[in-house]
Amino acid sequence: MNSSGHRYFVVHKPYNMVSQFVSPHPVRLLGDLDFDFPEGTHAIGRLDNASEGLLLLTTNKKVTKLLFQGTVPHKRTYVVKAKNIVTDESIDVLRNGITFMSGHKEDYTTLPCEVDRTTPPDNLANRPGDYNDHPHTWLRMTLVEGKFHQIRKMLDHIRHRCQRLVRVSIEDITLGDLRSGEVLELREEEFFARLGITEY
């Protein structure tokens, strides 16, 4: 137990699970994972139902504000499966920023980001209907923002549907060897140090 009494968790969120413990809808919840989370645990940020990978959970309500409202933006890295073969020209378009319609029906222009070709993570779970023999491109994308299903809309903009989206790191907290559905608990000092947060 940390001196503050709070606890901090790294989760490999599975596909087809929402990033919450309670929902009025018949969906898979974080409470369905094989782990006994303490009362008051909540997700920091979220991954949508179809996305998978790194999700941070804590009992500390201050973390969301510290992470998302700090003066220094934090990096988030995703490994993404895009339909068909993505050209160098299209990768440059993603890197340099694109404009799409936000959830508020306004144009939103993304900040420049890091994009490179990559290979799928070793600990990626098999998924029904995921046909890897069809033409596709795996991309590694590092952003300092994440708005309005941004990565999916960025890929739509270059006419490559996002077939799979896996978050692999937030700053220096990585998915590592965690497999789908697994949970790792971190000490408070290590949690904040790896996020680059010094004032907590």
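What do you reckon, is Asp92 open to solvent by 60 Å² or more (accessible area, probe 1.4 Å) and either in contact (Cβ under 8 Å) with a residue 12 or more places away in the chain or assigned to a loop (DSSP other than H, G, I, E, B) (or both)?
No: the conditions fail for Asp92.
Report yes if some residue within the range 103-114 is polar (S, T, N, Q), at negative phi and not in a helix (DSSP H, G or I); otherwise report no. Checked the range 103-114: at least one residue is polar (S, T, N, Q), at negative phi and not in a helix (DSSP H, G or I). Residues considered: Gly97, Gly103. Of these, the only one that is open to solvent by less than 30 Å² (accessible area, probe 1.4 Å), modelled with pLDDT under 95 and over 17 Å from the mean Cα position of the chain (by Cα) is Gly97. Of the residues in the range 134-144, not one is of a type outside the set (Gly, Ala, Ser), at pLDDT 95 or above, closer than 20 Å to Phe100 by Cα and assigned to a loop (DSSP other than H, G, I, E, B). Looking across the range 142-164, the residues that are buried (at least 19 other Cβ atoms within 10 Å of the Cβ) and in contact with a Cys (Cβ under 6 Å, 6 or more places away or on another chain) come down to Leu143, Leu155. When residues in the range 29-75 are screened for being among the β-branched types (Val, Ile, Thr), touching a strand residue (DSSP E or B) at 6+ places or on another chain (Cβ under 9 Å) and open to solvent by 40 Å² or more (accessible area, probe 1.4 Å), 1 of them pass.
The values are calculated or read from the model by the stated rules, or taken from the named source; none is laboratory data. Bear in mind that the values here come from a model prediction, so they are computed numbers and not experimental data. All Cβ positions, glycine included, derive from the backbone under ideal geometry; neighbour counts span all protein chains shown. With ligands, DNA and RNA removed, areas are computed over all heavy atoms of the protein, side chains included. Shrake-Rupley method; radii C 1.70, N 1.55, O 1.52, S 1.80 Å.
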